[in-house]
Amino acid sequence: MDSVFASIVQAPEDPILGVTVAYNKDPSPNKLNLGVGAYRTEEGKPLVLNVVRKAEQLLVNDQSRVKEYLPILGLAEFNKLSAKLILGDDSPAIQENRVATAQCLSGTGSLRVGAEFLAKHYHQRTIYIPQPSWGNHVKVFTMAGLSVKNYRYYDPTTRGLNFQGLLEDLGAAPAGAIVLLHACAHNPTGVDPTVEQWEQIRQSMRSKGLLPFFDSAYQGFASGSLDVDAQPVRTFVADGGECFIAQSYAKNMGLYGERVGALSIVCKAADVASRVESQLKLVIRPMYSNPPIHGASIAMTILKNSDMYNEWKIELKAMADRIISMRKQLFDALSAK
């Protein structure tokens, strides 16, 4: 008897993850994986940070640790420290309890939870994303029930930012629309607005009541400084307005497969944040119930211990510096050829 699924067609490989599948199948010794943007050592091997190994060892040696379910929103201390990492130690939004944070499944999961929340509770269902943007953005937002439109971003002729086009498109967006912004290290172009341009983007968006949704996948990876890379987000939070922030620790802590991330929603008032948090739980509960404990515990251990935190910053800067230097070498070699 035929399978009830006999009519299902073979799906194409994911364009990015499919490259890794092809790479793993290829027997050639001289191969490079140009798929997922994961950091590699000089030998082409994945890197586990020393500080991550230390944190993991502490966790393994702690006999009081158990494998109980986490709460729906995850590790409370991890959430607090994640909000602090992106918003700054002295953030008024944190001091005034205006931030609702949920531990999510890395950046993708944070985007998805935020999008589902917006589809259910926000009056605008349209999200504008840069042209081009990370390949998964369209699918994540569409599946969550939002409709996706583009705003001009990259200018291939100057290989830079089409700032005029960007301002025009955001200016023409309907009042209250959601706008996805890459916090730093724009994926896939690597082109970021300047500090002055960010300020203009902020003013333009706030004047139309557009809702910023930051995707922060590379904090510390773009410049080597966690604070510098968080600046665009902090300027939007400093004006007292509301915004969404999806954070990932995949790149900056090398915790790719641990799926460690957070969604923070900055609100106008503490009572609003409290209600938003209650509704976030209702989004997460039927999706995956609660997040995994191990990776978030590693990140939390590093973030709360000042020695480990400083060690992490040094390792992170070394990775960022190496990326910058390798790009320069590649550019110089291509120019020479």
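Annotations
- Extending 7 Å from Cα along the Cβ direction at Glu77 and again at Lys149 yields two label points whose distance is 4.6 nm.
- Simple label model, 7 Å out from Cα along Cβ direction - Ser64 to Lys45, nm: 3.6 nm
- The helix-only estimate of mean residue ellipticity at 222 nm for the chain, built from DSSP H runs of length n ≥ 4 each weighted as -39500 (n - 2.57), is -15000 deg cm²/dmol after division by the residue total.
- For the pair Lys120 and Gln95, a Förster radius of 35 Å applied to the C-beta separation gives a FRET efficiency near 0.75, rounded to the nearest 0.05.
- Computed E for Arg206/Gln279 - FRET, C-beta separation, R0 25 angstrom, nearest 0.05: 0.55
- Exposure ranking of Arg53, Arg327, Arg322, Arg125 by accessible area [1.4 Å probe, largest first]: Arg327, Arg53, Arg125, Arg322
- Helix runs (DSSP H) in the chain reaching 20 Å along axis by Cα, Kyte-Doolittle at least 0.0: 270-288
- Extension gain for Phe331-Thr157 works out to 60.9 nm (0.36 nm per residue, less the C-alpha to C-alpha distance).
- Spacing of the two label points (7 Å from each Cα toward its C-beta) at Lys139 and Asp307, in nm: 4.4 nm
- Residue-span extension gain [Glu196 to Val4] - 0.36 nm each, minus C-alpha spacing: 63.3 nm
- Beta bridge orientation in the range 76-306: antiparallel %, DSSP, nearest 5: 45 percent
- Residue-span extension gain [Val272 to Asn24] - 0.36 nm each, minus C-alpha spacing: 84.4 nm
- Extent along principal axes [Cα atoms of the range 189-337; Å; largest to smallest]: 58, 42, 30
- Proportion of all alpha-carbon pairs of the chain beyond 38 Å (%): 17 percent
- Alpha-carbon centroid distance for the pair the range 78-151 / the range 220-259, whole angstrom: 12 Å
- Glu168 accessible area, 1.4 Å probe, all protein chains in place, Å² to nearest 10: 100 Å²
The values are calculated or read from the model by the stated rules, or taken from the named source; none is laboratory data. Keep in mind it's a predicted model, so treat the numbers as computed, not measured. Cβ atoms come from the backbone with ideal geometry, glycine included; neighbour counts cover every protein chain shown. Only protein heavy atoms, including side chains, enter the accessible area calculation; ligands, DNA and RNA are left aside. Shrake-Rupley method; radii C 1.70, N 1.55, O 1.52, S 1.80 Å.
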